[in-house]
1. Test LYS108 against the criterion of being at pLDDT below 90 and either open to solvent by less than 60 Å² (accessible area, probe 1.4 Å) or of a type outside the set (S, T, N, Q) (or both), and give yes or no.
2. Limited to region 236-274, what total is found for residues that are part of a loop (DSSP other than H, G, I, E, B) and either touching a Cys at 6+ places or on another chain (Cβ under 7 Å) or within 16 Å of ASN80 (Cα to Cα) (or both)?
3. Kindly check whether there is at least one residue in region 391-398 that is of a type in the set (A, V, I, L, M), closer than 26 Å to ASP332 by Cα and surrounded by 21 or more Cβ atoms within 10 Å (Cβ to Cβ).
4. Can you tell me which residues in region 322-332 are modelled with pLDDT of 90 or more and surrounded by fewer than 18 Cβ atoms within 10 Å (Cβ to Cβ)?
5. Tell me yes or no: at least one residue of region 304-311 is outside any helix (DSSP H, G or I) and either more than 30 Å from PHE132 (Cα to Cα) or open to solvent by less than 40 Å² (accessible area, probe 1.4 Å) (or both).
6. Can you find, within region 186-209, the residue that is modelled with the lowest pLDDT among those that are in a helix (DSSP H, G or I) and farther than 30 Å from PHE293 by Cβ?
7. Among the listed residues VAL221, VAL183, VAL212, which satisfies the condition of being outside any helix (DSSP H, G or I), within 29 Å of ILE475 (Cα to Cα) and among the β-branched types (Val, Ile, Thr)?
Amino acid sequence: MKNFISFIKKYSTRDFIYLFSNKSIEILKKQLRYNEKDMNCCMKFPLNIIKSGFIHKQVNVMLSAWDIQDMAYLSIRNSNDYRHDDLLSQDMGMIVNLYRGYENEHSKSEFLKDADSADIFKIMMGMTYEQFKYQNLAWTIQNFCRNYHILIGSPNINREKIIDINQITDELFGLNVDELLAVEMMILWLCSQNPSPLTASEKLYNRSETGVITKEAIEKVVGYYSVTYKDVRNSPIGKQIFYSKPFVKTDKTQENIMVSFYLLAMTFADGLYWLMRDYYRNNNWGQKFINSFGEMFEDYFQELADTYLDEKQWFKIPVQKKKSADYYVEFDNAILLFELKSGLLGIGAKQQVPDIQQIDTFYKRNILEAYEQLKNSEEEFQGEKQILKIFLLYESATNMQIIMASIPDIFINDKGCYIMTIEDLEMLLATYRNDREKFNKVIYTLLNNENSEGRCESVLKVLGDYDAIGDMHFIGERDYYTNILERFKNCFR
């Protein structure tokens, strides 16, 4: 049987990346066209096989959207731009089928042989984290709006300890933040048509009345988000480099080609946050931004509480000798204790073959060490109301149920303990304000939550069961994405 690596060495890396980038555009357009909630972000290719030595048969092999960056990475690592075989449509089925075999060989199957249930769930956590991000891209708009709100939009966030992000964007691109976002939206549109945006005619964008969207500006932004083959080959995080640098500059033609449209959309979603964080890192300023962002996350929690709750319903727990939770919120039938964690899961943990050590590190810093703080605060409360202990994460994820299952010592043994993302909290509080009856059902279920297998359902699962999910907080004037998009459109009218 042919080997995937030896097979793709026949083809130019430039052509290989370009072709599969185009497939990512096709997959996304199909996904959006049929159903915005369609999670089938994949494409099938026909493959001719011979069965039993003489029966010719055609079958389909499946390419998932998250496979594309790995295939591009492997082409860069093992081939180059100076190969001469033409990449034909009839080759696609063979390439994808060989990749499926390669993927199986490099899975964590050996690790799973001796793994206990918690470790199996850790593997599933990494796999699902990546897959769920592709299956429903609605999170990208929510993340964009939340990052914009905290770093720029909200008057209630104290930013005195960080550099003004407009100063950073001006230094990097000669643009303020809103101008940068207009250019990025143009790049998104150009890439929805062609994986190589810098080859587009200026006639497509030189009608902008603002004069901001120029060839020079687009080149600067695309260049910032590009890596060379050498960068990729030397990357300590392997293919995950494409999540922060979704363009590759080819060797032979010096083109900047998008690896996958999904990666570009994800970079846009978290781009403002990582512009800040990378700027501090590149200037060797240590943990200054990360520490400051933790305080800003607390400001945002307080803003949410002020928006949806009465003043006497929520309290910041004062610092004591005995470590405690950060906040508590009191409702008619329950008290919710919150421990806020703004740290993010390492990129190496968010993939089909996850780095278990990075998962363990994240758990230790954000869950295991903080559990005692929640328990200490729980002991301080006297009364008849039940208590829910909550780790509140800035990390955006929809697989919290799997994460909880991978830490059974806490979440199986303590049914009153949950992990909640900040988006979960936004939806919970908006439901409290808009539909008290529905909210009470959610809280009752969380207080009495245990499925038939003895495991707790996640907060997101419970919210979904009562139809309490959706775009509830970043609407109206807080819907920065739509507002910026409208201004972008107006530039061309």
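1. Numbers: at pLDDT below 90: yes; either open to solvent by less than 60 Å² (accessible area, probe 1.4 Å) or of a type outside the set (S, T, N, Q) (or both): yes.
It is true that LYS108 is at pLDDT below 90 and either open to solvent by less than 60 Å² (accessible area, probe 1.4 Å) or of a type outside the set (S, T, N, Q) (or both).
2. Start the filter on region 236-274 by keeping residues that are part of a loop (DSSP other than H, G, I, E, B), which leaves 236-237, 244-246, 250-255, 259-260.
Filter once more, so that each one left must be either touching a Cys at 6+ places or on another chain (Cβ under 7 Å) or within 16 Å of ASN80 (Cα to Cα) (or both): 250-255, 259.
So the count comes out to 7.
3. Looking through region 391-398, at least one residue is of a type in the set (A, V, I, L, M), closer than 26 Å to ASP332 by Cα and surrounded by 21 or more Cβ atoms within 10 Å (Cβ to Cβ).
4. The initial filter retains those residues of region 322-332 that are modelled with pLDDT of 90 or more, namely 324-332.
Correct list: GLU330, PHE331, ASP332.
5. Looking only at region 304-311, we keep the residues that are outside any helix (DSSP H, G or I), and these are 309-310.
Checking the rest, the ones that are also either more than 30 Å from PHE132 (Cα to Cα) or open to solvent by less than 40 Å² (accessible area, probe 1.4 Å) (or both) come to 309-310.
Yes, because at least one residue in region 304-311 is outside any helix (DSSP H, G or I) and either more than 30 Å from PHE132 (Cα to Cα) or open to solvent by less than 40 Å² (accessible area, probe 1.4 Å) (or both).
6. Quick first cut of region 186-209, residues in a helix (DSSP H, G or I) only: 186-191, 197-199, 202-204.
Filter again for farther than 30 Å from PHE293 by Cβ, leaving 189-190, 197-199, 202-204.
Values: TRP189: 94, LEU190: 95, PRO197: 95, LEU198: 94, THR199: 92, GLU202: 83, LYS203: 79, LEU204: 74.
Filtering region 186-209 for residues that are in a helix (DSSP H, G or I) and farther than 30 Å from PHE293 by Cβ, the one modelled with the lowest pLDDT comes out as LEU204.
7. Details: VAL221 fails: outside any helix (DSSP H, G or I); VAL183 fails: outside any helix (DSSP H, G or I).
The conditions single out VAL212.
Residue-wise test of (1) surrounded by fewer than 18 Cβ atoms within 10 Å (Cβ to Cβ); (2) assigned to a helix (DSSP H, G or I).
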{"residue": "ILE335", "(1), (2)": "yes, no"}
{"residue": "SER377", "(1), (2)": "no, yes"}
{"residue": "LEU429", "(1), (2)": "no, yes"}
{"residue": "ARG433", "(1), (2)": "yes, yes"}
{"residue": "ILE443", "(1), (2)": "no, yes"}
{"residue": "ASN449", "(1), (2)": "no, no"}
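The values are calculated or read from the model by the stated rules, or taken from the named source; none is laboratory data. Bear in mind the structure is a predicted one, so any value in this text is a computation, not a measurement. Backbone-built Cβ (ideal geometry, glycine too); neighbour counts: all protein chains shown. For the accessible areas, the whole protein counts, side chains as well, though only heavy atoms, and no ligand, DNA or RNA atoms are used. Shrake-Rupley method; radii C 1.70, N 1.55, O 1.52, S 1.80 Å.
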